[in-house]
Amino acid sequence: MSEKSSRASWRGQLSPVGIAIGCVGCVIITASSVYTALKMGALPWPTIFTSIVALFLLRAFGRRSLNEANVTQIVMSAGSMVAGGLAFTIPGIWMLGLADEVSWVEMLFVALAGTLLGLVCTAAIRRRFVDESDLEYPIGTAAAETLMATKTGGVTGRRLFGSMGLAGLWCVARDALGWLPSMLLQLPIPGVSFALYNSPQMLAVGFLVGGVAVAFWFAGALVGNFGIIVGGSAAGLWDVSTAQGIVSSLGMGLMMGSGVGVVLKDILPHAASVLRGRGSADGAPSGHGWGKVERGTLALMVAAAALLVCIGLGLGPVVAVVVVLLAFVTTIMSAQSVGQTGIDPMEIFGLIVLLAVAAFSDASQVQLFYVAGVVAVACGLAGDVMSDFKTGAIIGTSPRAMWVGQAIGALLGTVVAVAVLCTLVTAYGTDAFGPGEMFVSAQASVVATMVSGIPSVPGFVIGLLGGIALYWAGLPAMMFGLGVYLPFYMSLTATLGAGVKWVYERSCAARGVEDSEEKGIVVASGVLGGESIVGVVIALASVVSGLAG
């Protein structure tokens with residue numbers, strides 16, 4: 001394909017109608033994401049929901065291209081993770097009583113710097129983590145299955161939308177009507193959140209990931225919860241509170257070490273080819289990758305982000321360079337985490353860089369929150385971008401069109417997210433944020449408690465070195481670290497989903513069922529998508545009722 005025809009192809013997928021629909025949807029989805037993240041301490045992926053909405057609205061205009069619909073939904077959903085990055089960090093400032101030291105301009109600088117870094121980093125790592133990787137990206141795969149099912153219909157469509165509808169109804173019964181509990185089989189184990197999470201989505205994640213990755217995930221959960229917290233406390237080595245600090249530090253260290261291992265083993269040896277533009281922007285051969293103008297634009301975006309951190313947020317040149325470099329490392333970690341689990345612990349990545357900056361600089365508490373916010377936004381956006389790249393790789397969407405769509409939606413999302421945060425603070429006051437308040441802001445509360453430093457420096461160092469070693473040995477260090485860090489109920493539920501997959505595959509093999517793997521992926525994708533869609537709908541209803549109240 002010639003350069004001219006290639007350009008026409010990707011521009012055709014990024015249509016004016018699609019951009020207009022996407023921008024309107026972006027405003028709504030970003031606003032609801034801010035509210036959901038603050039109110040519920042969670043942020044459902046909107047990708048499945050926006051895929052269906054994009055298809056429906058485009059067909060109203062007589063347009064039926066799956067690739068155009070995919071790019072449109074990307075514009076719609078891009079701002080949601082920017083919203084999450086802000087909502088999971090910035091409210092911690094208000095919890096510490098420092099509201100007078102932050103303005104909407106600085107929040108906008110945080111969001112914009114994180115957005116620019118997230119976009120640049122994903123442009124650099126797309127080929128390595130999508131085209132040349134076997135990462136599942138369960139959210140992206142589910143979105144692709146949804147788009148294709150709407151076109152093919154038939155048995156595949158019935159399986160997808162049937163499972164989607166059942167999961168959606170389950171979510172309504174649990175979250176909207178209160179008929180079902182969020183947790184099942186809870187046990188009162190000190191320091192351990194032992195339960196089954198009543199979430200079809202988490203079961204589907206475990207089913208889609210399966211195998212060795214989930215085994216390491218659960219092994220990490222056992223080591224952290226029953227080895228360190230229960231075992232160590234029973235042996236009198238430390239109390240439960242100290243054990244929890246060790247576990248959180250060890251988990252963060254393992255995840256950081258995994259990211260460092262990826263950089264040392266997989267990124268730096270290929271850095272020259274990345275800089276030369278071998279990471280194709282159109283899925284074409286290396287000779288048709290980023291041109292000089294595009295590479296220059298990416299370089300300017302990095303420089304702009306560094307200036308925003310250095311001058312706009314007053315952190316100085318050394319901190320700005322460190323934030324840019326570590327943002328690259330943590331977005332790689334985010335891409336790997338989302339690719340394996342569909343989970344993006346963006347605030348944890350922000351915490352990691354916050355603690356690194358606190359160790360060598362005299363940044364104020366508010367500035368440390370800014371650092372966490374920049375990195376959380378970058379990682380949140382990176383997880384979303386890489387999932388969308390996976391969707392595009394399955395259905396044949398141009399990576400260039402997707403990246404431009406992400407840039408449009410993310411930049412619009414920065415403005416909307418900051419505006420919504422400011423509106424909520426103006427309407428309800430800063431005292432409305434924190435544990436037991438109107439906006440629980442659970443993740444921001446964690447960041448606030450960590451601003452003073454790492455709970456266990458030895459635990460973090462051990463995790464860091466262990467993460468590097470595990471990755472170099474070819475083992476899923478990130479999964480092990482997630483298991484150590486995440487609440488036990490999430491790890492247990494995902495493991496149950498992987499167990500369902502094991503039983504299903506062996507049952508199909510014994511009965512000689514054909515295409516069992518494909519059927520399982522379709523149903524699991526529908527289950528995952530059903531809860532995601534209903535989660536967004538409930539969030540939209542919450543926004544409306546919250547504003548009305």
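At-a-glance table
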| read-out | value |
| --- | --- |
| Residue list for segment 208-226, restricted to those being at pLDDT below 85 and among the aromatic types (Phe, Trp, Tyr) | none |
| Residue within segment 405-415 that is hydroxyl-bearing (Ser, Thr, Tyr) and modelled with pLDDT under 85 present | no |
| Selection status of Ile352, open to solvent by less than 10 Å² (accessible area, probe 1.4 Å) and modelled with pLDDT under 85 | yes |
| Residues within segment 422-443 that are crowded, with 22+ Cβ neighbours inside 10 Å and either in a helix (DSSP H, G or I) or in contact with a His (Cβ under 7 Å, 6 or more places away or on another chain) (or both), tallied | 2 |
| Residue among Ala8, Ala20, Ala37 that is at pLDDT below 80 and either open to solvent by 30 Å² or more (accessible area, probe 1.4 Å) or not in a helix (DSSP H, G or I) (or both) | Ala8 |
| Test: residue in segment 165-175 that is open to solvent by 30 Å² or more (accessible area, probe 1.4 Å), out of contact with any His (no Cβ under 9 Å at 6 or more places or on another chain), within 22 Å of Val240 (Cβ to Cβ) and modelled with pLDDT of 85 or more | no |
| Complete set of residues in segment 56-98 that are in a helix (DSSP H, G or I), open to solvent by 30 Å² or more (accessible area, probe 1.4 Å) and small (Gly, Ala, Ser) | Ala60 |
| Checking Val513 against (1) without any contact (Cβ under 8 Å) to a residue 24 or more places away in the chain; (2) of a type outside the set (D, E, K, R); (3) in a helix (DSSP H, G or I), the condition it does not meet | (3) |
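The values are calculated or read from the model by the stated rules, or taken from the named source; none is laboratory data. For clarity, every value in this text was computed on a predicted model and none was experimentally measured. Note: ideal-geometry Cβ built from the backbone for every residue, glycine included; neighbour counts use all protein chains shown. Calculation scope for accessible area: heavy atoms of the full protein, side chains included, ligands and nucleic acids excluded. Shrake-Rupley method; radii C 1.70, N 1.55, O 1.52, S 1.80 Å.
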